[in-house]
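All remarks here apply to the structure that follows.
The values are calculated or read from the model by the stated rules, or taken from the named source; none is laboratory data. Being a predicted model, the structure only gives us computed values, none of them experimental. Using ideal geometry, Cβ is built from the backbone for each residue, glycine included, and neighbour counts are taken over all protein chains shown.
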Amino acid sequence: MKLNTTTLVLGVALAVVAGLFSSTIFGLVGTKTDTQTNPSAVAMMTGHVETVVTDALGNVKEYRQSDNLIVNQGENCVLKMLFGANGGASVGDGTNTCTGAITSGFRVIAIGNSSAPATNDQTSLINEYNATSGNAALARKTATLITLTNSTATSGISQATALLEATFTNGGTTQSVTESGLFNDTNTSIDGMFARQQFTAVSLNNGDSLTVRWTVNIGGTSVIDQSGP
């Protein structure tokens, strides 16, 4: 009797194991058999900003670098430039609607003096240097160096890169610079801001120059989800 009971228990156990094994084979237990037919990819825009202070002899005095923040308005302007009419009116609603012409691109660099951190909803620098504030030499200007690098990768992660650079020379009293932005116009009344960053102050004495270099990467495209919804 004991042998029969043992045989019965062993038989049941084997049947359960066999059932689990066969269920696993046919995708009923513990397996994922979704075919990967719906790949999704993400295209990102990221940026970096560098500031270099040199004296009248070209000696480097200070250097800062940090990632920049592409603001909501900048993303909206990209949308407008891609799908709106050439030079067309603003589209969308709210305070972050793209403003300014879309015929010349975001080639204008501005600097200012504010400790407020960069946030997505900002549409301008907080305290920008300009001619009316008595700092005409530090007023925004079109980048004097613009380098566009195409993406040529045939597989994997790829990026296209825009590098824009402008130099500001202080011709008066010492000034502190703590923020920079990238704009689509030198006219502050009709501009649109693409990106902004706040950084630890750099000091500009009389005769010092500040070179601001913006880098924007477009791409970083990679497969992130192949399982479908």
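Any residue that is touching an Asp or Glu at 6+ places or on another chain (Cβ under 8 Å) and at pLDDT 95 or above - is there at least one of those in the range 155-168? Let's see the steps before the verdict.
Initial filter on the range 155-168 (touching an Asp or Glu at 6+ places or on another chain (Cβ under 8 Å)): none.
For the range 155-168, residues touching an Asp or Glu at 6+ places or on another chain (Cβ under 8 Å) and at pLDDT 95 or above: absent.
Give me the residue from the range 115-144 that is surrounded by fewer than 21 Cβ atoms within 10 Å (Cβ to Cβ) and of a type in the set (D, E, K, R) and, out of that set, modelled with the lowest pLDDT. This residue is Asp121.
Beta carbons closer than 9 Å, at least 6 apart along the sequence or on distinct chains, pair a first residue in the range 204-217 that is of a type in the set (Ser, Thr, Tyr) with a second that is in a loop (DSSP other than H, G, I, E, B) for Ser209/Asp55; Ser209/Ala56; Ser209/Gly58; Ser209/Asn170; Thr215/Asn68. Of all residues in the range 102-114, none are outside any loop (DSSP other than H, G, I, E, B), at pLDDT 85 or above and exposed (fewer than 15 other Cβ atoms within 10 Å of the Cβ). The number of residues in the range 152-186 being loosely packed, with under 14 Cβ neighbours inside 10 Å, touching a residue at least 40 places away in the same chain (Cβ under 8 Å) and not in a strand (DSSP E or B) comes to 2.
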